[in-house]
Amino acid sequence: MERRTIGAGALEVGAVGLGCMPMSWAYTGSRQRGDASLRTVHAALDAGGEAATLLDTADMYGPFTNELLIGRVLKERRGEAFVSTKCGLLVGEQHIVANGRPGYVKRACDASLRRLQTETIDLYQLHRVDPEVPVEETWGAMAELVAAGKVRALGLCAVGARAVRRTAHGRPRPGMHDTTLRLLERVQQVFPVSAVEAELSVWSPEALDALLPWCAARGVGFLAAMPLGNGFLTGTLTPGQGFEPDDLRARHPRFTAEMMAANQPLVVGLRRVAERHGATPAQIALAWTLRQGPHVVPIPGAKRARWAEENAGAAAVRLTEADLAEMAALPPALGSWD
């Protein structure tokens with residue numbers, strides 16, 4: 001598989017990573033049998049070939065069970081994986097809260113290392129900024145983890161498009177990224193940012209406006225979260241199909257029957273391009289993400305081995321300029337993304 005680099009430290013990964021969250025969190029059937037999840041992770045590593053596959057996880061997924069799952073694989077195949085995990089969110093019975101206190105961050109890292117069964121985390125990300133703690137203090141504690149050899153590089157997660165409210169049609173207001181960019185500049189003065197993880201997909205392209213160029217100009221890697229639009233861009237979901245109460249899409253404005261029907265032209269357009277390439281709509285959506293810059297690494301979530309294999313195959317799809325122009329002409333997604 002094609003290799004890409006993350007950050008000025010030139011950390012190499014395969015072009016397509018694996019989002020591990022769906023195996024343990026937020027989707028119907030997430031709490032599946034461990035054997036199926038293990039097969040999925042192994043399939044992603046197999047598809048990576050000689051390039052290390054980026055495995056994206058977090059201590060809050062489960063909570064904790066996702067890291068334990070990944071740890072079982074790393075015990076056997078550590079050299080084939082680039083491990084990204086996150087800290088800074090605590091899961092309660094009724095809510096999720098941010099915690100950026102330096103002492104907590106350090107304890108969370110040690111706990112993640114134990115669960116992952118590794119001596120070093122390749123990329124340690126701040127899942128959310130704690131409004132009660134100056135971000136420089138949190139970032140400084142994370143930098144100490146690098147100095148201690150427990151972490152190789154640092155990143156910020158979920159600081160992109162969803163950090164600011166948008167209009168009814170999901171389009172960003174002018175200046176919506178200003179707060180995010182100021183935050184990145186602040187932490188960059190404390191310790192280099194190697195990667196930013198934020199949403200980027202055909203139906204949620206807001207990061208293209210300012211966040212992606214900021215990363216490109218500074219040699220910062222961009223991990224494209226939800227590049228398949230929470231599954232919508234795969235073309236396998238049907239309007240009105242419904243979701244179980246534990247599935248995040250059950251409460252998502254874009255996954256009402258009305259909005260799913262209204263956004264079908266996006267899927268139709270992806271399918272049309274896919275037919276020309278002998279690919280699937282999901283692979284075309286991922287290939288579009290890959291074309292947004294050599295510093296972009298999509299991390300599509302997957303719960304099944306065949307989906308991980310299919311996603312990895314997107315790295316071999318070569319979209320033409322005509323393909324990109326056709327996709328750029330597709331109607332923007334409708335529905336709030338808050």
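Using DSSP to define loop residues, name the GluC sites (Glu not before Pro) in segment 68-97 whose beta-carbon has at most 10 other beta-carbon atoms within 10 Å. It would help to have the intermediate numbers written out before the result.
Values: sites: E76, E80, E93; in loops: E93.
Passing sites in segment 68-97 are E93.
Using alpha carbons only, what's the Rg to Rh ratio of the chain with Rh from Kirkwood?
0.94
Sort out for me the Cα centre separation of segment 94-159 from segment 226-264, rounded to whole Å.
32 Å
Among bridges DSSP assigns within the chain, what percent are antiparallel (round to 5)?
Working: 8 of 35 bridges.
Among the beta bridges of the chain, antiparallel pairing accounts for roughly 25 percent.
Just to confirm the number: angle between the C-alpha axis of helix 264-277 and the first principal axis of the chain, 0 to 90 degrees, nearest 10?
The answer is roughly 90 degrees.
What is the fewest-to-most order of C157, C20 by other Cβ atoms lying within 10 Å of their Cβ?
By the 10 Å Cβ count, ascending: C157, C20.
Which number gives the lysine pairs in the chain that have C-alpha atoms under 17 Å apart and are eight or more places apart or on different chains? Spell out each step's value before the answer.
On the way: K75/K150; K86/K106; K86/K150; K106/K150.
Close lysine pairs found across the chain: 4.
The numbers here are math on the coordinates, done by the rules we state, and not lab data. Note that the coordinates shown come from a computational prediction; the quantities given were computed from them, not determined experimentally. All Cβ positions, even for glycine, are placed from backbone atoms using ideal geometry, and neighbour counts span all protein chains on display.
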